[in-house]
Amino acid sequence: MKKTTKRRLKYLSLITAAGVFAAVVWLAFYAHFEFRPAQLPLQFDLKSGSSLKSAAQQMADAGVLGNATRFVILARLLGAAGKVKAGNYEVNSPLSPLDLLRKITEGDYTQSAVTFVEGWTFRQIRKVLDEHPGVKHDTQGLSDAEIRQRLGLDQPSPEGWFFPDTYHFSSGTSDLAILRRAYRLMQSHLATQWEGRAADLPLKSPYEALILASIIEKETGKAADRPLIAAVFINRLRMGMRLQTDPTVIYGMGEAFDGDLRKRDLAADTPYNTYTREGLPPTPIAMPGLASLSAALNPARSNALYFVAKGDGSSHFSRTLEEHSRAVTKYQKSGQR
């Protein structure tokens, strides 16, 4: 009987030891296995007062962590449960749970921020970067073409290629590094939207979608109208109608635009004058947001060919020129869309 008991205790000890060994192996493997977020670079916030469990869930929701529960176990075993620091964090490359734990417990968060606003031009982006005191100004004195070359942007213009968002960074970060992050983020969003695009769109490439999205961004006064505005332009492109959109004309005028668009401006032919030329302009005219990218590639189902601003931020949409003319008269606007 005693031998049987001893044998059972021995087996139990072996099983326990094996379990502990397996747990140690699992912990070591998990702690050092690099997790690759779906999108890089990536920023995430840890709210003030967050517990370890809450912080882990915030990171999982942001896409920087695969499994919140495993991360909590790792942190507790390493005695880091109460060391999480709130702040805005940035991930530029794949990292292991152990690296991530060190990052959020050592407070490796960013300190400065700059915001790129939807509808801004590249000139406006450069201005806000040039004026930011926390930025290292490596682009000052460079032409747009030189900046485009340093970013590896293989397009005729940098216009439209930077995603509008708030970018957090350490003081002294190069403006080129910030632009590179915004460029990669726009590439990622554009690729995702292009992959999920509606069928039979009159757009030949993601770049054409970016151009159209920039026009939609500048024409939208009320967010709810964005898919219908996209539908108007898509319908016109399908029919070979000119887009006849003022923002492209204004962009083509550059610094000559004084805030007042005149009939002679609409008649002056430039590559960006969609009253005198068919199809899309040669480049984007601004920086579109995600909603405008989505609208360009998944427009509303509508037969509308015209729209006019109603004066409250929204637009009236029409299928015929006659109906549009009545709307223009009603809302005291001139010109056609």
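The values are calculated or read from the model by the stated rules, or taken from the named source; none is laboratory data. Nothing here was measured: the structure is a model prediction, and the numbers come from that model. Virtual Cβ from ideal backbone geometry, glycine too; neighbours counted across all protein chains shown. Please note that ligands, DNA and RNA were not included when accessible areas were found on the heavy atoms of the full protein model with its side chains. Shrake-Rupley method; radii C 1.70, N 1.55, O 1.52, S 1.80 Å.
Observations on the structure shown:
- Residue order by solvent-accessible surface for Met241, Met287 is Met241, Met287, largest first, with ligands and nucleic acids left out and a 1.4 Å probe.
- Stretching Lys222 away from Ser112 to a fully extended chain increases their span by 36.5 nm, per 0.36 nm per residue minus the current alpha-carbon distance.
- Selected from Phe233, Gly196, Leu179, residue furthest toward positive end of dipole (the range 136-261; charges at beta carbon): Gly196
- FRET efficiency for Arg301 and Glu278, using Cβ-Cβ distance with R0 set to 35 Å, rounded to 0.05: 0.90
- In Hz, Karplus ³J(HN,Hα) per residue of the range 71-82 (6.51, -1.76, 1.60; θ = phi - 60°; x = Gly, Pro): 5, 4, 4, 4, 4, 5, 5, 8, x, 10, 4, x
- Order of exposure, largest accessible area first, which applies to Tyr167, Tyr275 with probe 1.4 Å: Tyr275, Tyr167
- Expressed as a whole percent, the accessible surface of the chain that belongs to carbon and sulfur atoms is 51, based on a 1.4 Å probe.
- Length gained on full extension, Asp258 to Arg36, computed as 0.36 nm times the residue gap minus the Cα-Cα distance: 75.1 nm.
- Beta bridges from DSSP with both residues in the chain: antiparallel share about 90 percent, rounded to the nearest 5.
- Calculated FRET efficiency for the pair Leu142/Asn88, C-beta based, R₀ 30 Å, to 0.05: 0.60
- Between Asp154 and Thr192, residue separation times 0.36 nm minus the direct Cα-Cα distance comes to 11.8 nm.
- Close amide H pairs (under 5 Å, H built 1.01 Å from N) link Tyr306 with Ser318, residues at least 5 positions away or on another chain.
- Members of Lys218/Lys330; Lys83/Lys103; Lys263/Lys310; Lys53/Lys83; Lys53/Lys85; Lys47/Lys103 lying beyond 19 Å, as alpha-carbon distances in this model show: Lys218/Lys330; Lys263/Lys310
- Using a simple spin-label model with pseudo-atoms 7 Å out from Cα toward Cβ, Ser171 and Val25 lie 5.0 nm apart.
- Acute angle (nearest 10 degrees) that the helix 2-32 long axis makes with the longest principal axis of the chain, alpha-carbon atoms: 30
- Debye, to nearest 20: dipole size of the range 219-305, +1 on Lys, Arg Cβ, -1 on Asp, Glu Cβ: 400
- Using the Cβ-Cβ distance between Asp130 and Arg242 with R0 = 35 Å, the FRET efficiency computed as 1/(1 + (r/R0)^6) comes to roughly 0.45.
- Protein-only accessible surface at a 1.4 angstrom probe places the residues Thr192, Thr115 in the order Thr192, Thr115, largest first.
- In the context of the full protein assembly, Lys85 retains an accessible surface of approximately 90 Å², using a probe radius of 1.4 Å and ignoring ligands and nucleic acids.
- Accessible surface, per residue, of the chain when the full set of protein chains is kept, probe 1.4 Å, Å²: 53
- C-alpha long axis of helix 321-330 to longest principal axis of the chain, angle in °: 90
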